[in-house]
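A.B. asks: Below are the structure tokens for one structure; questions will follow.
Every number in this text was worked out from the coordinates using simple rules, so none of it is lab data. Since this is a predicted model, take the numbers as computed values, not measurements. Please note: Cβ atoms are built from the backbone with ideal geometry, for glycine as well, and neighbour counts cover all protein chains shown.
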Amino acid sequence: MRPGLNIISDELIIKIVDEAKRILAEIGMDIRGAGLRQRLLEHGLKTDTKDHRVLFPADIVESAINTAPATFTLFDRDGNPHAEIGGDNVNFVPGSSGLKMLDHRSGETRLSDSTDFIEYARLTDGLEHIRYLSTAFSTNHDIEPQVSDAWRLYMSLITSKRPVVSGAFSEHGVPRMAEMLRMFRDDHAHMVAKPQSIFTITATGNFRYGEDSCQNLLDCVDAGIPIEVVPVTLMGLIAPVTLVGSLVFHCVDVLTGLVMAQIVRPGHPVLFGGAPATFHMKAASSPMAAIEAQRLNVAYVAIAKSLNLPTQAYMALSDGKVLDAQAGGETFSSALLAALAGVNSVSGPGMLDFVLTFSLPKLVLDNEFCGQALHFVRDTGTLEDLPTGDLVEELMKEDHLITAPHTLKYWPKELYLTDPVLDRLNRDSWVEAGSVELNERACEQVETRLAAYTPFETDPEIDEKMRSLVREGFEKQQDLPELPPPPEPQIAVVPGRRRGRRRRKTPA
């Protein structure tokens with residue numbers, strides 16, 4: 001049995017979906033991308049006579065839901081199966097759309113650059129509970145913005161073989177990025193059969209899909225890249241302040257993207273996603289970690305599962321500005337909710353400040369939160385512990401079960417041992433180890449893991465082709481940013497040092 005979570009009834013789900021279908025059929029969507037709009041009209045969709053909004057009849061919506069795959073596999077750079085997307089499979093992935101970096105070495109929050117991104121990718125490549133990468137934050141500090149999305153994808157591909165969640169931030173950014181991805185597959189059919197990336201399509205809101213989103217969706221589907229449709233549903237601002245009302249608006253946005261993708265290419269993988277937030281009526285901010293936003297996440301995931309569609313959500317993140325109690329509380333609570341709800345792709349680890357700021361120490365802490373959430377939702381069943389006669393006899397005989405055969409057999413999987421970033425020492429041991437607090441432990445783990453990164457080779461010809469693709473998009477810039485060299489080969493650590501102190505290293 002797997003622990004689960006649901007907050008809305010089957011009857012209410014049906015009513016919400018039916019209302020979304022009614023809006024799509026009667027009010028429709030403003031499709032501002034000329035190319036995608038033309039494809040829809042050629043398929044037979046009609047527009048209303050007043051505003052020329054594209055109408056989506058209920059039978060077209062139903063057909064798209066039935067055509068879209070319930071599950072699909074993400075493959076790594078070498079074409080090996082890496083992650084299953086669908087069902088109740090939960091995969092945590094760093095959040096995206098950051099603009100700044102909280103520098104753990106200086107304490108400064110600043111614009112991020114390519115060195116920051118390479119360190120992020122190297123760190124994420126070794127995190128046990130972060131399933132794949134994302135192009136997590138902007139590097140506009142040292143590369144022109146019109147090619148920054150492709151540059152981040154390039155850095156991801158040469159640093160980790162794991163799949164990556166990405167996306168274009170301009171109307172014509174996808175083709176360059178798709179060409180990069182094709183370099184690791186034999187041909188277009190191979191790329192479709194073994195996808196190594198998911199691209200985000202942001203529904204614009206206000207019952208509208210803008211030019212960028214339309215063209216990105218069209219290009220992704222034509223290229224065979226799975227997409228996640230991610231409305232930024234702002235409760236109380238551009239969506240109703242109530243849960244059910246905002247769910248209807250959210251479903252309208254996602255179902256529109258789903259239908260358009262299936263019209264372009266039936267059977268194309270689409271994740272039912274979202275990045276909801278509330279509108280704070282006093283601070284005039286949009287907190288994504290607000291409990292109402294988490295409630296909306298869990299509820300739309302339940303709707304998606306009722307439609308047999310894979311899911312994505314922005315959770316396991318914080319609106320806090322530093323690694324503090326707020327960051328920990330918001331991140332772990334939403335990570336656990338995501339795991340219980342069975343969100344297939346959870347975007348958020350590493351993110352602070354309304355997904356504007358990325359933190360490497362937070363990412364290693366979040367890795368532990370995600371590990372615990374995944375451990376919580378593992379299947380529950382008997383493990384030679386019913387009946388308990390032998391265990392009772394062993395306890396009465398020895399006064400403990402530490403060395404019991406049953407304990408020795410099962411504790412490695414049943415007891416989750418945290419990384420040193422989380423404190424599990426008693427106070428005396430903690431004081432003896434230097435009274436190191438959370439932020440310092442997290443920073444130390446960042447440096448330790450970065451030093452342990454193992455580089456791999458990328459075919460020089462492919463590498464140069466990818467770099468050339470980026471350079472072709474330059475308007476004024478002449479040279480690509482210089483990337484930091486990989487760390488020296490791993491050096492041995494002196495044994496016996498207590499956790500929390502800086503470890504002295506000796507040559508291997």
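A.B. asks: Does anyone have the angle between helix 291-306 and the longest principal axis of the chain? Alpha-carbon axes, 0 to 90°, nearest 10?
C.D. replies: In the chain, helix 291-306 runs at an angle near 70 degrees to the longest axis.
A.B. asks: What order do you get for Val93, Val61, Val270 when you list them from fewest to most C-beta neighbours inside 10 Å?
C.D. replies: Going from least to most buried by this count: Val61, Val93, Val270.
A.B. asks: Next question, about the same structure. If you rank Thr115, Thr403 by fewest surrounding Cβ atoms within 10 Å, what's the result?
C.D. replies: So the ranking, lowest neighbour count to highest, is Thr403, Thr115.
A.B. asks: Using only Cα atoms and rounding to the nearest 10 degrees, what angle (0 to 90) does helix 325-341 make with the longest principal axis of the chain?
C.D. replies: 70
A.B. asks: Going by how many other Cβ atoms sit within 10 Å of their own, how do Thr49, Thr139 line up, fewest first?
C.D. replies: Thr49, Thr139
A.B. asks: Give the aspartates and glutamates reachable from Lys194 as a straight Cα distance under 13 Å; neighbours fewer than 8 places away on the same chain don't count.
C.D. replies: Asp76, Asp78, Glu84, Asp186
A.B. asks: Let me ask you something else. Mind sorting out which of [x] 27.8; [y] 32.5; [z] 23.4 is the real mean projected area of the Cα convex hull in nm² computed from the coordinates?
C.D. replies: Matching the structure shown: [x].
A.B. asks: Taking only DSSP H segments of four or more residues, each worth -39500 (n - 2.57), what value at 222 nm results for the chain once the sum is divided by all its residues, to the nearest 500 deg cm²/dmol?
C.D. replies: Per the formula, -13500 deg cm²/dmol.
A.B. asks: Shifting gears a bit: Suppose every K and R has +1 on its Cβ and every D and E has -1 on its Cβ; what is the size of the dipole of the range 66-374 about the Cα centre, in Debye to the nearest 20?
C.D. replies: Here the range 66-374 has a charge dipole of around 400 debye.
A.B. asks: May I pose another question? Angle, helix 460-472 long axis vs. longest principal axis of the chain, Cα atoms, 0 to 90°, nearest 10?
C.D. replies: Tilt relative to the chain: about 50 degrees.
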